[in-house]
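This is the structure, below, for whatever I ask next.
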Amino acid sequence: MKLLVYLCLVLVLNCLRVAESADTENATITVLGVTHIAETEDSFVCATLDWWPENKCDYNQCPWGKAGIGNLDLGNKILSNAIKAFNPLRIRIGGSIQDQVVYKVGRFEKCPKCPYFKKKKDGLFGFGPGCLSMQKWDELNNLFHKTGAKIIFGLNALRGRKKSSDGGSLWVGDWDPQNARDLMAYTISKGYKIDSYELGNELCGGGVAARVEAEQYAKDTIALRQLVNELYPDPNTRPKVLGPGGFYDKKWFDTYLQASGPGVLDAVTHHTYNLGAGVDPKLIDRVQDPFYLSECAQTYKDASNSVKEFGPWADAWVGEAGGAYNSGGKDVSHTFANGFWYLDQLGMTSTFNHKVFCRQALIGGNYALLNTTSFIPNPDYYGALLWHRLMGKKVLRVKNDGSPYLRVYAHCSKHKGITVLIINLSKSTTFHVSIVDDMNIYPKKVGENSQREEYRLTPKDGNIQSDVVLLNGTPLQLSDNMDVPKMNPVLVDPKTPIEVGSRSIIFATLNGFKAPTCA
C-alpha cells in the first residue's frame with residue numbers, strides 16, 4: 001500500500017513538473033542595431049476628437065455622451081492634464097460627420113443660429129449639417145494652447161459638391177474652399193497654431209456614406225495646398241496638408257497621388273478598423289490572436305509602397321484607427337485587453353515606415369483613451385504615454401524565432417540605448433526573454449550602471465477586461481490633484497532574461513545596448 005501511495009506521489013510530482021515546464025518557455029530575441037529599418041515622427045502617438053452628438057447610437061447603446069466636440073467639457077482638469085502629460089500630444093479633429101460642418105465665420109457669421117448635428121433620415125450617417133461657432137473654436141484653441149497640443153483639423157470636403165444623379169454615393173463638382181478660407185483667416189488673426197489641415201473623411205475608394213473620384217479629389221487637394229500656401233506664406237510655420245483620410249484602396253490611392261503630384265501632400269492618411277464590428281462577440285478573441293492581428297500588415301505595407309512609388313515627397317500616416325468600428329466594443333475596447341491590439345498596431349505600423357498613428361478616440365465611444373463620463377484614463381492611455389516617452393523615432397529590425405504569441409518591437413530609445421516592447425498574448429505561458437544584438441555580444445559585455453529599466457503592465461486581479469492597469473504591480477491612478485501619476489520603472493540586472501508573464505505587456509529600456517544607428 002505504501003509503495004502504491006509513493007508511486008502515486010511520484011506520478012503527481014512528475015505531472016506538475018511537466019505542467020510547469022509547459023507554462024514556461026525561453027525565447028531569444030535578436031535586435032539588429034547596426035541600421036534602422038524605418039523612422040517615425042517624434043509625435044507618433046496621436047488621438048482624435050470627434051464631432052458625434054449624444055444620440056450617436058449603435059447596437060442599442062449610445063456611448064458618446066457629451067464627448068463630442070460640440071458638447072465636450074473643455075475646462076475639465078483631467079482632460080487638460082491628460083493632454084499635457086504628452087508634451088506634446090498630436091490631436092486630430094475630425095470624423096465621419098466632419099464633411100457636414102459649417103464654420104460660422106465669413107458669410108455665415110450673421111446666421112442667427114448655429115445648430116449642432118440633428119438626426120436626419122436622408123443625411124450622411126443619419127445626421128444633418130452641424131455648425132462650429134467661433135466661440136467654440138476659441139475655447140478649443142484655448143485648451144490646445146494651454147496643453148501644448150499639435151492640431152490636425154479635418155476640413156469639410158463636400159462643400160460645393162452635389163450628389164450624382166445616378167442615385168449612388170458619388171458626389172461630383174469642385175470643392176468650394178471659401179468657408180475653409182474664412183476659418184483659416186480667422187485662425188491666423190487670433191494667432192492659433194495649426195499643425196496640419198486634412199481634406200475630408202472617408203470619401204476615397206468606395207467611400208463609406210459618400211465618395212469622390214480620385215482625380216477630382218486630387219484637384220481639390222491642389223486647391224487646398226494653394227490656399228494654405230497663400231494664407232501661410234512662411235514655410236517654417238506653414239501647416240501641413242493631409243489627405244485623403246479614408247480606407248486604403250490601391251487603385252484609388254495610386255491615381256490620387258499621381259494626379260495631385262509633388263509639392264501638394266505632406267502626408268497620405270489612411271484609416272483602419274481591422275477588428276470588425278464593435279458588437280462582434282469574437283472581439284475579445286481577436287485581440288489575443290496573433291494570426292488575426294498580423295492580417296492587416298499587408299495593408300500597411302501596400303499603403304507605404306503606394307506612397308513610396310507614387311508620392312515619395314509625402315509620408316504615410318494612419319489618420320484614424322479604433323480597432324472595432326461603430327464606436328468599439330463595450331466590453332473590450334476600453335479594457336486592458338485592447339492594449340494587445342493597440343500597442344501591437346503602434347509597433348507594426350512603425351516597421352512599415354508610418355510616421356503618425358491617430359487613435360480613435362481621445363474621448364468618446366467605447367474605444368476612448370479616457371472614460372467618456374469620468375475622463376479617468378483607460379489602460380490604453382498609459383500604454384500610449386509610455387510609448388510616447390520611451391520609443392524613439394528610429395525603428396530597429398527584430399528577429400523572433402519563438403512563439404507567435406510573443407510580439408516584440410524595438411526602437412532606439414528617446415534617451416539612451418534601445419527600448420523593446422514585448423506583448424505576451426498567451427493565456428498560460430510565461431516567457432523568459434533574452435535580448436541579443438547582431439553579434440550576440442549583448443548582454444555579455446555591458447558597462448556598469450547600465451541596469452535595465454522595466455515597465456510591466458498587467459490587469460487588475462488578472463482580469464484582462466479590467467479598466468484598471470497595474471504598473472509593476474501598482475495600480476495607475478490619478479493623484480488627488482487629478483494629475484497623471486508618475487510611471488517609474490523597476491531596475492533589473494541586464495544579464496538576466498526579461499520575465500514576461502502570460503497576458504502582460506512590458507516596455508524595457510536597455511541602456512547598455514550598443515546600437516550604432518542609435519548613436
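The values are calculated or read from the model by the stated rules, or taken from the named source; none is laboratory data. Given the structure is predicted, the values throughout are model-derived calculations rather than measurements. Using ideal geometry, Cβ is built from the backbone for each residue, glycine included, and neighbour counts are taken over all protein chains shown. Please note that ligands, DNA and RNA were not included when accessible areas were found on the heavy atoms of the full protein model with its side chains. Shrake-Rupley method; radii C 1.70, N 1.55, O 1.52, S 1.80 Å.
List the GluC sites (Glu not before Pro) within the stretch 252-341 that fall in a DSSP loop (any state other than H, G, I, E or B) and whose Cβ has at most 13 other Cβ atoms within 10 Å.
Hits after loop and neighbour filter: GLU295.
How much of the accessible area of the chain, probe 1.4 Å, is carbon plus sulfur, in whole percent?
51 percent
Further, regarding this structure: Counting only DSSP beta bridges with both residues in the chain, what percent are antiparallel, rounded to the nearest 5? It would help to have the intermediate numbers written out before the result.
Values: 44 of 92 bridges.
So the antiparallel bridges amount to about 50 percent of the total.
On to the next question. If I model a spin label as a point 7 Å beyond the Cα along the Cα-Cβ vector, how far apart are those points for GLU54 and ASP174 in nm?
4.3 nm
Testing the spin-label approximation: label points 7 Å from Cα along Cα→Cβ at LYS282 and ALA519. State their distance in nm.
Going from the LYS282 label point to the ALA519 one covers 5.0 nm.
Label points 7 Å out from Cα along the Cβ direction at VAL492 and GLU295: separation in nm?
3.3 nm
Considering the values (i) 89, 60, 60; (ii) 94, 50, 49; (iii) 68, 63, 60, which represents Cα extents along the principal axes in Å as calculated for the structure under consideration?
(ii)
Would you mind putting 92-103, 26-37 in packing order, based on average other-beta-carbon counts within 10 Å, highest first?
With the highest mean Cβ count within 10 Å placed first, the list reads 92-103, 26-37.
Could you order the peptides 361-372, 228-239 from most to least packed, using the average number of other C-beta atoms within 10 Å per residue?
Values: 361-372: 25.5, 228-239: 12.0.
Per-residue mean Cβ counts within 10 Å order the peptides as 361-372, 228-239.
Let me ask another. Could you calculate the FRET efficiency of LYS399 with ASN236 from 1/(1 + (r/R0)^6), where r is the beta carbon distance between them and R0 is 45 Å, rounded to 0.05? Don't skip to the end; give the middle numbers.
On the way: r = 41 Å, r/R0 = 0.92.
E(calc), rounded to 0.05, equals 0.65.
Taking 0.36 nm per intervening residue step and subtracting the Cα-Cα distance, what contour gain separates ASN71 from ASP138 on full extension?
22.7 nm
Have a look at the DSSP beta bridges in the stretch 110-223 and tell me what percent are antiparallel, nearest 5.
On the way: 3 of 8 bridges.
Taking every DSSP beta bridge within the stretch 110-223, about 40 percent pair in antiparallel fashion.
Further question on the same structure: Distance between the C-alpha centers of the stretch 24-67 and the stretch 178-204? Whole Å please.
25 Å
At what distance in angstrom do the alpha carbon centres of the stretch 289-324 and the stretch 327-382 lie from each other?
So the two Cα centres are separated by 17 Å.
Then there's this: Set the Förster distance to 60 Å, then compute FRET efficiency between GLN226 and SER374 from the Cβ-Cβ distance, nearest 0.05. Could the numbers behind the result be given before it?
On the way: r = 45 Å, r/R0 = 0.74.
FRET efficiency, GLN226 to SER374: 0.85.
What list of ³J(HN,Hα) couplings, whole Hz, do you get for the stretch 289-305 from phi and the Karplus terms 6.51, -1.76, 1.60, once you set θ to phi - 60° and write x for glycine and proline?
Whole-Hz 3J(HN,Hα) from phi for the stretch 289-305: 9, x, 6, 5, 4, 7, 4, 7, 4, 5, 4, 5, 5, 5, 5, 4, 5.
For the stretch 391-433 and the stretch 449-478, what is the separation of their C-alpha centers, rounded to whole Å?
Taking the Cα centre of each part, the stretch 391-433 and the stretch 449-478 sit 17 Å apart.
If you stretched the chain out fully between LYS110 and SER80, how much longer would it get, using 0.36 nm times the residue separation minus the C-alpha to C-alpha distance?
Full extension from LYS110 to SER80 adds 7.6 nm.
While we're on this one: How about the stretch 373-469: which GluC sites (Glu not before Pro) there are in a DSSP loop, with at most 16 other Cβ atoms within 10 Å of their Cβ?
Details: sites: GLU448, GLU453, GLU454; in loops: GLU448.
Filter output for the stretch 373-469: GLU448.
Can I ask one more? Report ³J(HN,Hα) in whole Hz for each residue of the stretch 384-395, in order, from the Karplus equation J = 6.51 cos²θ - 1.76 cosθ + 1.60 where θ = phi - 60°; Gly and Pro get x.
Each residue of the stretch 384-395 in turn: 5, 5, 5, 4, 4, 7, 10, 7, x, 6, 7, 9 Hz.
What length, rounded to one decimal in nm, is gained on full extension from ASP483 through to LYS414, with 0.36 nm per residue of separation minus their alpha-carbon distance? Mind dumping the intermediate values first?
Details: separation 69, 0.36 × 69 = 24.84 nm, distance 2.30 nm.
Gain in length upon complete extension: 22.5 nm.
When ligands, DNA and RNA are left out and all protein chains stay put, how many square angstrom of accessible area per residue does the chain have with a 1.4 Å probe? Walk me through the numbers before you get to the answer.
Working: 22020 Å² over 519 residues.
About 42 Å² of surface per residue is accessible.
Ok, one more. Local charge sum around THR419 (other residues, Cβ-Cβ under 12 Å, Lys/Arg +1, Asp/Glu -1)?
Spelling it out: positives minus negatives among the neighbours equals +4.
Kindly provide the helix-only [θ] at 222 nm of the chain, computed as the sum of -39,500 (n - 2.57) over DSSP H runs of four or more divided by all residues, to the nearest 500 deg cm²/dmol?
On the way: 11 runs with 133 residues, N = 519.
So the calculated ellipticity at 222 nm is -8000 deg cm²/dmol.
Read phi for every residue in the stretch 401-417 and hand back ³J(HN,Hα) as whole Hz from Karplus 6.51 cos²θ - 1.76 cosθ + 1.60, θ = phi - 60°, with x for Gly and Pro.
Values, residue by residue: 9, x, 5, x, 7, 9, 9, 10, 9, 9, 9, 4, 6, 6, 10, 8, x Hz.
Still on this structure, please answer the following. Take the cross-link list LYS104/LYS150; LYS416/LYS514; LYS113/LYS219; LYS77/LYS486; LYS163/LYS250 and give me the ones stretching past 21 Å between alpha-carbons.
Correct reply: LYS104/LYS150; LYS113/LYS219; LYS163/LYS250.
How would you order 469-482, 506-519 from highest to lowest mean count of nearby Cβ atoms within 10 Å? Before the final figure, lay out each step's value.
Details: 469-482: 13.9, 506-519: 19.9.
Descending mean neighbour count gives 506-519, 469-482.
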